[in-house]
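The block underneath contains the structure these notes are about, expressed in structure tokens.
The values are calculated or read from the model by the stated rules, or taken from the named source; none is laboratory data. Just so you know, these numbers come straight off a predicted model, no measurement behind them. As a convention, Cβ positions derive from the backbone with ideal geometry for all residues, glycine included, and neighbour counts pool all protein chains shown.
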Amino acid sequence: MSRPNKPKLDLREMGLRIRDLRGDVRQEELALHLGVSQSQLSKIERGKVAPTLDVLMGLATRFGKSLDWIATGHGT
């Protein structure tokens, strides 16, 4: 059985969306809210590491965006 092609996550683009969501909020402040270190959030925003599901859920809740939008740019 063949699987439909899944869209590949672009960590760099996802990081840019997260950075845009953060706006004027300091990395330290958002990182504390998300339960990660500032350096980890920096790596996520630069597309060096993928955010955990907990981080994605925290972002979605704080900024009122869907997980789909944060991860892929599709949806709201």
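Restricting the search to segment 13-25, which residues are assigned to a loop (DSSP other than H, G, I, E, B) and either buried (at least 18 other Cβ atoms within 10 Å of the Cβ) or acidic (Asp, Glu) (or both)? Passing the criteria: only ASP24.
The residue that is modelled with the lowest pLDDT, counting only those in segment 53-76 that are of a type outside the set (Gly, Ala, Ser), over 14 Å from LEU34 (Cβ atoms) and loosely packed, with under 11 Cβ neighbours inside 10 Å, is THR76. Inclusion of ASP10 among residues that are loosely packed, with under 11 Cβ neighbours inside 10 Å and either hydroxyl-bearing (Ser, Thr, Tyr) or modelled with pLDDT of 95 or more (or both) is not warranted.
The residue of segment 34-48 that is nearest to ARG12 (Cα to Cα), among those that are in contact (Cβ under 8 Å) with a residue 24 or more places away in the chain and surrounded by 13 or more Cβ atoms within 10 Å (Cβ to Cβ), is GLY47.
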